[in-house]
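The values are calculated or read from the model by the stated rules, or taken from the named source; none is laboratory data. Remember, it's a predicted structure, so these values are computed and weren't measured experimentally. With ideal geometry, Cβ positions are generated from the backbone for all residues, glycine too; neighbour counts draw on all protein chains shown.
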Amino acid sequence: MLLWIIYILLIISNLTVAIVRWRQLRTPLKILFGLLAWVLIVELLRRYCDEKWKPLLTHLNISTEILFQFSYFRMLLHKRKYPVLLGGIIFFYTALFLAWYTEHDFFMHSYFLDGVFMDLCITLWTGLFFYELIQKPLQYNINRDGNFWVNCGNILYYPGTLLLFGLNSYMKNVSPDLWDRLRPLNYGLNLTIYALYLLAFLMDRKRKPKML
Amino acid sequence: MNKHSNEIAIAILGGSAILIFLGFTLIFLIIIYRRKQKEYFNQKLLLQENFRKELLQAQLETQEQTFHSLSQELHDNIGQLLSLAKLNMSLIEMTSTDNHESISQTKDLLNTAISDLRDISKTLNTEYVKEKDIKESIERELAMLRRTRKFEADFVITGTPFFIKAERRLILYRIIQESLNNIVKHAGATRICFSMDYVDDILTINIRDNGVGFDVQSTPNGVGLLNIKQRSAMIDSKVKIESKPGRGTTLSIFISKDDEELGEA
């Protein structure tokens, strides 16, 4: 419960800082603001809704989260990387469709295969960001770039939750107690990503055009 | 069953830990890579800057040597010839009974030529400029301009003069010569106001003319202005140019004082 409260407070802090620094934020981070607002709503709904609706909310969250991340990376990465982004999103929704086609009540179960696909896509996109980053001019200060911190969070969170999403349903069936003991790992990763997002909102600054 | 679920839990924890560790490693490597790149870039910039300074220094030394040789040549050779010509004119004046007026005019012209030659020789002589006070060198330079009768030149000094090392003084003098030369060649001015203002540890030199002026933003730097800026950087001084078309030009030089104990021995 304590971790959940910290988690919610962290998301609210992110949103507050983003609103305060809105004018200084660049467009990709403004998209992340939308993602965080969405995550906050879903988390609150999941907390107070009936147990049977929780998997549906999580599936809905995953499908929407990847759309926000797609828009974020679309604004962030060079337009030549657009086919990779598009490929990722097509792969994700095709896999989701196939999962639903195979099992029509897929969205009502805690089998988060879509979470695994999302983690794979976002990890790949984050890798592309880092690839672009090392090619940027040396005068470019990465510490002052909020997107660097966002992607530090992404590269820790999304690969880190890959196995948790993949084996979630299996572990819940095999040993619910043990699964409960693994849950803090998920919260820990959530806290890490949102702490780094908070840093990103604090550090990000629109660059003024330089007079040369 | 319990053992099996424990193994699965360990696999999840271990697998997640490995993936998170890989994430950390990637971030760490990128930060280190960027830092190393930046260090390399800064070193390269420093080397380029040092090379540029050394090149400029070498250029200046060569120029000073040329000036020095030219100065000696003017003084020892052409100066001697003019003096000899003046002596001969005096002898002709003593022996001849005609054309006294023409001979006297020629002698006057020779005197002017000898005097101008001496001034030019002094301005080119590195050692002379280094030995003399900057004020004296500037006054001589302005006097030469006044003698052309094309320019009126004012010279004002305020504050208490302080010590500037001979090498810096020489380069400062060359900057002033270059800017006066620019006024003569390009400004179309009739009046030059020169001021030296010593305040605390800063000497501010203003050279103002009433010439045609130019648009500072849109006019590309010519060789003269580039020379002024490069030389100014060499002696850690700052140069500011203010000008507008039809409103004349003001060149300001800001130079700090030198510590006399660390100055010339």
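Some notes on this structure:
- In this structure, A:Asn154 does not satisfy being in a helix (DSSP H, G or I), modelled with pLDDT of 85 or more, more than 9 Å from every other protein chain (Cβ to nearest Cβ) and within 13 Å of the chain's Cα centre (by Cα).
- Lone qualifier among B:Ile8, B:Ile31 - being without any contact (Cβ under 8 Å) to a residue 12 or more places away in the chain, more than 50 Å from the chain's Cα centre (by Cα) and assigned to a helix (DSSP H, G or I): B:Ile8
- Out of A:Phe91, A:Phe107, sole residue that is within 30 Å of A:Gln135 (Cα to Cα) and among the aromatic types (Phe, Trp, Tyr): A:Phe91
- On inspection, A:Leu57 does not qualify as aliphatic (A, V, I, L, M) and in contact (Cβ under 8 Å) with a residue 24 or more places away in the chain.
- When we screen B:Ile8, B:Ile20 for residues that are over 30 Å from A:Asn151 (Cβ atoms), within 10 Å of another protein chain (Cβ to nearest Cβ) and out of contact with any His (no Cβ under 8 Å at 6 or more places or on another chain), the only hit is B:Ile8.
- Exactly one residue out of B:Lys165, B:Lys150, B:Lys135, B:Lys185 is out of contact with any His (no Cβ under 9 Å at 6 or more places or on another chain) and either surrounded by 13 or more Cβ atoms within 10 Å (Cβ to Cβ) or within 26 Å of B:Gln80 (Cα to Cα) (or both), and it is B:Lys165.
- Filter result for the condition that a residue is loosely packed, with under 14 Cβ neighbours inside 10 Å, among the hydrophobic types (A, V, I, L, M, F, W, C) and at pLDDT 90 or above, over A:Leu76, A:Leu86: A:Leu86
- Applying the set (1) basic (Lys, Arg); (2) exposed (fewer than 11 other Cβ atoms within 10 Å of the Cβ); (3) at the interface with chain A (Cβ under 10 Å from one of its Cβ atoms) to B:Lys38 leaves exactly one unmet item: (2).
- Residue count for segment B:190-226, restricted to those that are under 30 Å from B:Thr160 (Cβ atoms) and either free of Cβ contacts under 8 Å to residues at least 24 places away in the same chain or in contact with a helix residue (DSSP H, G or I) (Cβ under 9 Å, 6 or more places away or on another chain) (or both): 9
- Residue among B:Leu60, B:Leu19, B:Leu56, B:Leu109 that alone is in contact with a Pro (Cβ under 7 Å, 6 or more places away or on another chain) and either exposed (fewer than 13 other Cβ atoms within 10 Å of the Cβ) or part of a helix (DSSP H, G or I) (or both): B:Leu19
- Filtering A:Asp177, A:Asp119 for residues that are within 13 Å of chain B (Cβ to nearest Cβ), surrounded by fewer than 18 Cβ atoms within 10 Å (Cβ to Cβ) and either among the aliphatic types (A, V, I, L, M) or over 18 Å from B:Ile31 (Cα atoms) (or both) leaves a single hit, A:Asp177.
- In segment A:78-88, the residues that are part of a helix (DSSP H, G or I) and within 14 Å of A:Phe129 (Cα to Cα): A:Lys79, A:Arg80, A:Lys81, A:Tyr82, A:Val84, A:Leu85
- When segment A:132-148 is limited to residues that are within 10 Å of another protein chain (Cβ to nearest Cβ) and in a helix (DSSP H, G or I), the one that is modelled with the lowest pLDDT turns out to be A:Asn143.
- Near pairs, Cβ below 8 angstrom, 6+ apart or cross-chain, from segment B:85-99 (of a type in the set (Val, Ile, Thr)) to any residue that is modelled with pLDDT of 80 or more and in a helix (DSSP H, G or I): B:Ile92/B:Ile103
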